[in-house]
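The values are calculated or read from the model by the stated rules, or taken from the named source; none is laboratory data. Just so we're clear, the structure is a prediction, and the values are computed from it rather than from any experiment. As a convention, Cβ positions derive from the backbone with ideal geometry for all residues, glycine included, and neighbour counts pool all protein chains shown. Please note that ligands, DNA and RNA were not included when accessible areas were found on the heavy atoms of the full protein model with its side chains. Shrake-Rupley method; radii C 1.70, N 1.55, O 1.52, S 1.80 Å.
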Amino acid sequence: MAFSATSKVIDSHLHVWASPQEAGRFPYSLGQEPTLPGNAEFLLQCMEEAGVDGALIVQPINHKFDHSYVTSVLNKYPTKFVGCCLANPADDGSGLRQFEDLVLKDGYRAVRFNPYLWPPGEKMTNKVGKEIFQRAGELNVPVGYMCMKGLDLHISEIEQLCTEFPSTVVLLDHLGFCKPPINDEEGLVFSQLLNLSRFSQVHVKFSALFRVSRAQFPYLDLSPLFSQVVSHFGANRVMWGSDFPFVVAECGYKGAKEAVHLIASEISLPLSDLEWIMGRTATQLFQNQLTSVNS
């Protein structure tokens, strides 16, 4: 699948998981039963109401390394969705083969590195981390980073991998989890995020705004951060994402899209830049690598 038409609105970050009725066929990971609805049909309803045309589905922790539910959704709605699988950094190295199968057999187009799934004491720059990151570059599959506990904890690993493997595209989820700085330490971390723009392969997801804002909808305290990210990276390396279904209880799915428009208006962002962020960046990213993988 490739997203077509540059004017389409593409959500670069969301999750789906089986409904309780589907859990017999698609079981949840132990202790990871979801507490809110996140099935594909609910998502499609939200997308239609909000005028969102397509999305990148990120494998949720609720199903951990069992990708069968997301794969079923990708197969059922091939014109709507692209998949981002979850890297398995198991000590036995089996994660590399799993990753290759998910890309080459099941059609996944991105992979998520969750540093908190690495074995204790191990870093994302260990043997399996480097193998998957390098292979991702060869397959033209972007690597997304979830730095939930702070970008500063992981930035040296990200910089090392970007330096060693410059052909691997990188996606930083949720502004690298940088909130509007309220002290010098937080300001330094945000400047480190901006400094990652020196790596041409790094892209930023302006996603899950409710997670990184200190304010209520429409999260206008993110305006200066958004302005600086676009200034440093360029709009063609920034993309919007909702973080469905978590966003539904926060500002509603439609509100996630509206917030970006309101923030963009606040900083007088050119319409052409907004079009890149709302869909063209993701469209170009996943069209290009789809061609590469299938060739």
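LYS205: closer than 19 Å to SER227 by Cβ, open to solvent by less than 60 Å² (accessible area, probe 1.4 Å) and either in contact (Cβ under 8 Å) with a residue 24 or more places away in the chain or over 12 Å from the mean Cα position of the chain (by Cα) (or both), yes or no?
When the stated conditions are applied, LYS205 passes them.
Of all residues in segment 89-120 being part of a loop (DSSP other than H, G, I, E, B) and without any contact (Cβ under 8 Å) to a residue 24 or more places away in the chain, which is least open to solvent (accessible area, probe 1.4 Å)?
My answer is ASP92.
Quick grid of which residues meet (1) open to solvent by less than 40 Å² (accessible area, probe 1.4 Å); (2) assigned to a loop (DSSP other than H, G, I, E, B); (3) not polar (S, T, N, Q):
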{"position": "VAL128", "(1), (2), (3)": "yes, no, yes"}
{"position": "CYS147", "(1), (2), (3)": "yes, yes, yes"}
{"position": "SER156", "(1), (2), (3)": "no, no, no"}
{"position": "GLU159", "(1), (2), (3)": "no, no, yes"}
{"position": "CYS162", "(1), (2), (3)": "yes, no, yes"}
{"position": "PRO166", "(1), (2), (3)": "no, yes, yes"}
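Are any of the residues in segment 195-214 assigned to a helix (DSSP H, G or I), under 18 Å from SER7 (Cα atoms) and either among the small types (Gly, Ala, Ser) or out of contact with any Pro (no Cβ under 6 Å at 6 or more places or on another chain) (or both)?
no
Exactly one condition in (1) out of contact with any strand residue (DSSP E or B) (no Cβ under 8 Å at 6 or more places or on another chain); (2) at pLDDT below 95 is false for THR79; which is it?
Just one mismatch for THR79, condition (1).
Among the residues of segment 178-195, is there at least one that is of a type in the set (A, V, I, L, M), crowded, with 22+ Cβ neighbours inside 10 Å and closer than 30 Å to GLU258 by Cβ?
Yes; the residues of segment 178-195 include at least one that is of a type in the set (A, V, I, L, M), crowded, with 22+ Cβ neighbours inside 10 Å and closer than 30 Å to GLU258 by Cβ.
Those residues that are outside any loop (DSSP other than H, G, I, E, B) and open to solvent by 60 Å² or more (accessible area, probe 1.4 Å), I need them from segment 26-40; list them, please.
none
Does at least one position in segment 75-92 carry a residue that is β-branched (Val, Ile, Thr) and within 30 Å of ALA259 (Cβ to Cβ)?
Yes, segment 75-92 contains a residue that is β-branched (Val, Ile, Thr) and within 30 Å of ALA259 (Cβ to Cβ).
Any chance you could count how many residues in segment 247-278 are outside any loop (DSSP other than H, G, I, E, B), in contact (Cβ under 8 Å) with a residue 12 or more places away in the chain, open to solvent by 70 Å² or more (accessible area, probe 1.4 Å) and within 23 Å of GLN216 (Cβ to Cβ)?
6
Could you list, in sequence order, all residues of segment 76-127 that are among the aromatic types (Phe, Trp, Tyr) and more than 16 Å from CYS147 (Cα to Cα)?
Within segment 76-127, TYR77, PHE81, PHE99, TYR108 meet the criteria.
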